[in-house]
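**Q** Let me begin by handing over the structure; questions about it come next.
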Amino acid sequence: MNSKRFLFFILFVSVFFSCSDDGGDVVVPRNLQQYIDENSNREIDNLIACATNAEANTSLNYIFYYPVEGATDIRYYEMEDANADQTNFSNYRRSSLTQEAVFGGKLERFSRPSSLETWCLVTYLTEGKLHISDPIKLKNTSKPTEYSASTNITYPTTLSPKFTWEDGTIKENVIYFQVISDEENSFISGTYTTEKTFQFYDTSNVVLNINTSTPEDLVEDEIYNFTLMGVSEDNWVNLIIEKQFIPRNLEEYIAVNSDKTLDTALAFAGNANGNKETTYIYYYPIINSFDFRYYETENTTVDETDFSNYRRKNLTNVAVFGDQFRRFSNNRSKEVWCVVTYITDGKLHISKPIRTKNQTRTTEWKSTVEITYSETLKPTFTWQDGTFPENEKYLQILTKSDNTFLSGTFTTEKTFTYYDDSNVIDNLNRTTPPALVLDDENTFNLLGISSDNWVNLVIQKTFIVE
């Protein structure tokens, strides 16, 4: 062995044995107790941490923690034997997990991809201190976290929303953590209560506060998020509530736009095909309209003509039917009253109230329609009501195979002939519809609409022009 290899071998052996548990100048801690012993010159302090499983996924856990300013060397430890003593720190081994910031970095979380239940905790260092969280019992399979949007929001004043909630299936929560964040989920406020209520920003029932200063006032008509975690005594999160809110009701929005003339807007709603949980809110935007908005009530028992009962909700909004209509999608199973608004030059347009019936009158989707030709290129469409014969009028929309809009009309009769307006009660065509082309493939869309603007029936049929 030459001298260089010999020196390398001696160096390797010395480093290997110095890192062992059996002695030497440097000891790598194998468990949490050894790590505590290594930091015996530091004061032991606590830190806030809890854990949940991901929504609808019991094989992924999130371990949330609050890193105070100056926190470094953030670590995750867990017990290999879930039945061991969780108060004995020698039972905890460090595990390397992915970390990410949440709520704009005010909180952080580890992601643990495992379905195994055990005890875990979080540590970090600050100047002169070693912080250790209380042990957290992971219960992702025995008591998986329940996700919900069920919270009641009232407004004693426009900018002071009050949130009230109930426990979910597991009623073992001893404390509740509330986070208010903005549209981008950046942190605004974080508080703890033992009561099932919190009003922004009233700290009279707050038992723990992670705000380092008084939060700024909310802003009217801005989009905010409310997140609630119901935490058990062993720091497992049994319940997560997430709900968007916007501090200004429709009546207040109308007052802000008092310089505009009120006008109507055409809108109606129905279920997605085969899905009671998704409601489509269709509306017809006239030329040069903008600022499309969706408002809804908390339930159907309120007075639908009182605009103070309507709250704005930020929903996805796409063009449909050859860009002649637009459609909001609302993933909510609860039945409500809702309206659509938009603005044109000098006018605020508000639709008639829509009574959603996604549970009691689920929209029926069919393809059954009779198509006849008494004259070439002028098909006659005839249909029947579905399960709910409560339709007051019928909207017919014809589109080309590439979804280009051809025609839009309303009738009260269950029949319509293209290019024949004799029984048409309302017409959405801004110009005379084009003549159909022989052998072209087109689509006939029919929506049966009730007096409260709910779509009971949708018929979609592709046909070849004769």
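**Q** Return the total of residues in region 328-365 being surrounded by fewer than 15 Cβ atoms within 10 Å (Cβ to Cβ) and over 20 Å from the mean Cα position of the chain (by Cα).
**A** Residues meeting the conditions: 4.
**Q** I'd like to check something: does region 355-369 contain any residue that is assigned to a strand (DSSP E or B) and of a type in the set (S, T, N, Q)?
**A** Within region 355-369, not a single residue is assigned to a strand (DSSP E or B) and of a type in the set (S, T, N, Q).
**Q** I need the strands (runs of 3 or more DSSP E) fully contained in region 235-291, keeping only those with at least 1 residues that are under 30 Å from I188 (Cβ atoms) and not small (G, A, S).
**A** 237-245, 275-284
**Q** Next up: Of all the residues that make up region 1-41, how many are more than 25 Å from N235 (Cα to Cα), at pLDDT 95 or above and surrounded by 11 or more Cβ atoms within 10 Å (Cβ to Cβ)?
**A** Qualifying residue count, region 1-41: 3.
**Q** Follow-up. Would you mind telling me which numbered condition in (1) touching a Phe, Trp or Tyr at 6+ places or on another chain (Cβ under 6 Å); (2) buried (at least 18 other Cβ atoms within 10 Å of the Cβ); (3) of a type in the set (S, T, Y) S133 fails?
**A** (1)
**Q** Restricting to region 428-466, and then to whatever is polar (S, T, N, Q) and out of contact with any Asp or Glu (no Cβ under 7 Å at 6 or more places or on another chain), can you tell me which residue is farthest from R327 (Cα to Cα)?
**A** Ranking the candidates gives T432 first.
**Q** Taking the residues in region 79-116 that are over 31 Å from the mean Cα position of the chain (by Cα) and part of a strand (DSSP E or B) as candidates, determine which candidate is surrounded by the fewest Cβ atoms within 10 Å (Cβ to Cβ).
**A** Once the filter is applied, the top-ranked residue is R93.
**Q** Please go through region 129-165 and pick out each residue that is over 30 Å from Y253 (Cβ atoms) and charged (D, E, K, R).
**A** K129, D134, K137, K139, K143, E146
**Q** Could we say that Y92 is in contact with a strand residue (DSSP E or B) (Cβ under 6 Å, 6 or more places away or on another chain) and closer than 15 Å to N31 by Cα here?
**A** Values: in contact with a strand residue (DSSP E or B) (Cβ under 6 Å, 6 or more places away or on another chain): yes; closer than 15 Å to N31 by Cα: yes.
Answer is yes for this residue.
**Q** Tell me the residue from K276, K260 that is touching a residue at least 60 places away in the same chain (Cβ under 8 Å), within 21 Å of the chain's Cα centre (by Cα), in the same structural domain as N309 (by TED's automatic domain parsing) and surrounded by fewer than 18 Cβ atoms within 10 Å (Cβ to Cβ), please.
**A** After applying the criteria, what remains is K276.
**Q** Starting from region 192-211, keep only residues that are touching a residue at least 40 places away in the same chain (Cβ under 8 Å), then list their pairs with residues that are basic (K, R) whose Cβ atoms are within a distance under 9 Å, requiring at least 6 positions of separation or different chains.
**A** Short answer, once both residue conditions are applied: Q199/K162; F200/K162; D202/K162; I210/K106.
The values are calculated or read from the model by the stated rules, or taken from the named source; none is laboratory data. Not measured: the values here are computed from a predicted model. Using ideal geometry, Cβ is built from the backbone for each residue, glycine included, and neighbour counts are taken over all protein chains shown.
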